[in-house]
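S.K.: Would you mind keeping the following structure in view while I ask a few things?
The values are calculated or read from the model by the stated rules, or taken from the named source; none is laboratory data. This is a predicted model, so every value here is computed, not measured. So basically every Cβ, Gly included, is an ideal-geometry build from the backbone, and we count neighbours across all protein chains shown.
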Amino acid sequence: MSISPPIRITFPDGNVKQFETPPTGLAIATGISPGLARKAVVVKVNGELWDLTRPIDRDAAFEIVTRDKPEALEVIRHDAAHVLAQAVQELFPGTQITFGPSTEHGFYYDFARDVPFTDADLATIEQRMRNIVKRDLPIVREVWPHDVAVRHFEQAGESFKAEWIRDGIKADEELTIYKQGEAWLDMCLGPHLPSTGKLGTAFKLTRVSGAYWRGDASNAQLQRIYGLAFASDADLEAHLKMVEEAEKRDHRKLGKQLDLYHQQEEAPGMVFWHPKGWAIWQAVERYVRGVYKAGGYQEVRGPQIMDVSLWKKSGHWDNYQDNMFFTESEKRTYAVKPMNCPGHVQIYNAGLHSYRDLPIRYAEFGGCHRNEPSGALHGIMRVRAFTQDDGHIFCTEAQVEDEVTKFHSQAMKVYGDFGFTDLAVKLALRPDKRLGSDEAWDRAEAALRAALRAAGVQWEELPGEGAFYGPKIEYHLKDSIGRSWQVGTIQYDPMMPERLDASYIDEHSQRVRPIMLHRAIVGSMERFIGILIEHHAGALPYWLAPVQAVVTPIVSDADRYASEVADALSKLDVRVQTDLRNEKINYKIREHSLQKVPVIIVVGRKEAEERTVTIRRLGSERQETLSLAEALVQLKPA
């Protein structure tokens, strides 16, 4: 009779402990400290998340994941989805379950039920979830053969689960099943908490929406219940306060309130800019154009539509056509450009270039159209027609590091000037669907890593999230209420110059492909303006505000002087208006404050006689009286 060798568990500090029989993560944690066991959510076994109660039957690198770790939060949210599903089936017998994953801030679950869920139902369901948590039901992992799983779900009336197993899982594969107590179970990869009591109370159901089985509109319609879940009640409360603040700052609400833009059904995902909104646009564009110039970029302009043959050569036809709009003329099919890069290659290719000419930097405020799903559209944050502060750098491989570090410095200054100080840099690596060889991707990713090191930047890596033609550096900024937005990017692309036959003559008189760097700092102008509106809660800084100053008289005797003050400011390129209405001054001040005007200039008989102005700044009760000459110097845009 052979004796099994002991199981060796290696801890993060390098210590090794041997076990004669397979231990569970919970047993190991308890052996270290009962307090640690109470905080544990799951464990890592050779880098893979496992249930605390699953026996570890192999030698393994071992780590305990406590409730405060990021990996724990995803498990908590997934457990909340299962508890939601159990609560619904207890309350509404006959409801079928489908699937419910964790999300960025919580979870959802899709149900098949003929009767729509109501807001009142959500309150009842949430209360039942809390009851299930209080019951502290054990969560047990089991492994079932394929045919047993199909038979169980068919007999239980769970036709969607049975279909998924039959169609999506091979007959010789086993499935993992998680039971919550004796009466409820779900098919799931896991891992999960050891019991429902471990979930805690930091969750809240938020809304119901429609969904489709397998995400296909031709399939059965389902009902999706969304919820929030966090590791602690304090974290949930903080998030709810942030959501409340975000609702106040919603750019769609402020866009209407401040008369910046509108959208309508005849142009879904597109924007009608009003004068005040367009003034913000022009201020952003003017600033970014200055960045172009300072960075040695030549501004260009490409066509809006081009024959599909070009998009086939570039690779967009094979990798991006589902997101493109098409049109026809004289029996030719054209694509409305979803991006500017192929057009910039055509401009580059129109001339002959030497290595001495490189780098060549093109820039364009390029209008693009992408066929985004209607359900994904969101104000001016996610649109179908947008303009990018787009640029492309054609350079040698040796120049990549210098160009990327220069871009990084530019980007950091731009974000600071717009009021963003909390930024993260991320490196998106090769996706599954991509052009080029692994060797080419190795070189591209190594080049961007080297550039980030040269710039002294700490970064996070995002496997699988690069563009189909190359890896990219992403800039993620946090707004004033802590939300993260991905804005700028610089992408390394050796593929498009090859596919579109771009070249330069090197020092050996050989024809060589350049590296193409795709770069944008603000990204979509529409989206960036939406972010600015929400970041500043509509109260944009003076240099960006659509109306920088309003001049209003206290009495009609000062109307002429008010107009004179406004004319003087206008000559200095201040965006100024006069308010000569026969209304009380406090009413006018309140109204312009609600419109987020940074400077309100009040004049009366005394100011007219002394040629002074009284200035009131947004957010301050304090007033100051200056001579008109001093005010003009102070209010002149930088």
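S.K.: May I ask you to list the residues in the stretch 9-18 that are surrounded by fewer than 15 Cβ atoms within 10 Å (Cβ to Cβ) and more than 42 Å from the chain's Cα centre (by Cα)?
M.R.: At the first step, the residues of the stretch 9-18 found to be surrounded by fewer than 15 Cβ atoms within 10 Å (Cβ to Cβ) are 11-16, 18.
Residue satisfying the conditions is Q18 alone.
S.K.: Could I ask something else about it? At least 2 residues that are closer than 20 Å to R382 by Cα and within 25 Å of the chain's Cα centre (by Cα) in each: list the helices (runs of 4 or more DSSP H) lying fully within the stretch 254-323 that qualify. Break it down into steps so the answer makes sense when it comes.
M.R.: Values: elements: 275-294, 308-314, 316-320.
Ranges flagged: 275-294.
S.K.: Let me ask something else. Tell me which of these F117 doesn't satisfy, since it passes every other one: (1) free of Cβ contacts under 8 Å to residues at least 24 places away in the same chain; (2) not in a helix (DSSP H, G or I).
M.R.: (1)
S.K.: Then there's this: Take the residues in the stretch 545-565 that are surrounded by fewer than 22 Cβ atoms within 10 Å (Cβ to Cβ) and of a type in the set (A, V, I, L, M); name whichever of them is nearest to the chain's Cα centre (by Cα). Explain how you work it out, then say what you get.
M.R.: Within the stretch 545-565, the first condition is being surrounded by fewer than 22 Cβ atoms within 10 Å (Cβ to Cβ), and the residues that meet it are 547, 554-557, 559-561, 563-564.
Narrowing the set further to residues that are of a type in the set (A, V, I, L, M) leaves 547, 554-555.
Numbers: V547: 30, I554: 47, V555: 50 Å.
In this case the residue turns out to be V547.
S.K.: Another question about this same structure. Considering only the stretch 324-429, give the strands (runs of 3 or more DSSP E) lying wholly within it that have at least 3 residues that are more than 21 Å from the chain's Cα centre (by Cα) and either assigned by TED's automatic domain parsing to the domain that holds G466 or surrounded by 15 or more Cβ atoms within 10 Å (Cβ to Cβ) (or both).
M.R.: On the way: elements: 325-329, 332-336, 360-369, 385-395, 423-428.
Hits in the stretch 324-429: 332-336, 360-369, 385-395.
S.K.: Taking helices (runs of 4 or more DSSP H) that fall entirely within the stretch 477-575, which contain at least 2 residues that are closer than 30 Å to M412 by Cβ? Walk me through how you get there before you give the answer.
M.R.: Working: elements: 495-499, 525-535, 559-571.
By residue number, 495-499, 525-535.
S.K.: Determine whether G106 is under 30 Å from V243 (Cβ atoms), in contact with a Lys or Arg (Cβ under 8 Å, 6 or more places away or on another chain) and not hydrophobic (A, V, I, L, M, F, W, C).
M.R.: Taking the combined requirement at face value, the residue satisfies it.
S.K.: Being touching a Ser or Thr at 6+ places or on another chain (Cβ under 7 Å), among the hydrophobic types (A, V, I, L, M, F, W, C), crowded, with 20+ Cβ neighbours inside 10 Å and not in a helix (DSSP H, G or I): is that true of V602 here?
M.R.: Details: touching a Ser or Thr at 6+ places or on another chain (Cβ under 7 Å): yes; among the hydrophobic types (A, V, I, L, M, F, W, C): yes; crowded, with 20+ Cβ neighbours inside 10 Å: yes; not in a helix (DSSP H, G or I): yes.
In short, yes.
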